[in-house]
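All of the numbers you see were taken from the coordinates with simple rules; none came from a lab. This is a predicted model, so every value here is computed, not measured. Note: ideal-geometry Cβ built from the backbone for every residue, glycine included; neighbour counts use all protein chains shown.
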Amino acid sequence: MSHFDRKSLIFYGVAISSVVTLFSVVSRYGTTRLKAPTAIEGNYQLQIEPSEQCSEPPALELRLQQSGVFVNGALAAASPEAKPAEAGGEPFALDGRWRSPDLDLIGRSPAMTVCGQSVERVAIAGTHEGDSFSGQLTFAGLPAPLTFESEFIPTQTSATEASH
């Protein structure tokens, strides 16, 4: 019996054609539909808009670390000279998701003073545009959210890498 009979050749031809067709369909789908999320990792200086509940808002810095759509971060006092009780004490540890262009983070802190109120929880809902975020900070203990705008703070490492 020959290994090259008609039924075997048709079977292998159909099997190979099916695999090639399936591979090309999956590859085409992946290149058109699956995109890596935008990189947002880094430090952002928050400029909080003054409001009735907070005439002198704190200077805060948002530090983000990203792994795909999952984001971890910290919300802390922007300057090391600031007194911990006034500027916020320990930083908030944040967890959330990045759904371009929206970022949602929630977190806790041992005890922080913001706008004269002691707060322990925060939720951040923002939108990323270019190198900045804008959105709202909702602190448990404050009656209304605080609106913010932010700018990306280049680190010395990224500035050095950009110059080389």
Cβ-Cβ cut-off under 10 Å around G126, Lys and Arg +1, Asp and Glu -1: the net charge is -4
Does a label point 7 Å from the Cα of A144, set along Cα-to-beta-carbon, have any residues of region 38-58 with amide nitrogen under 16 Å, and which are they?
48-57
Report the local net charge at K35: Lys and Arg +1, Asp and Glu -1, summed over other residues whose C-beta lies under 15 Å from its C-beta.
+3
Exposure proxy check on F11, F92, F4: fewest-to-most Cβ neighbours within 10 Å is F4, F11, F92
Modelled FRET efficiency - R0 41 Å, R33 with R121, Cβ distances, 0.05 increments:
0.65
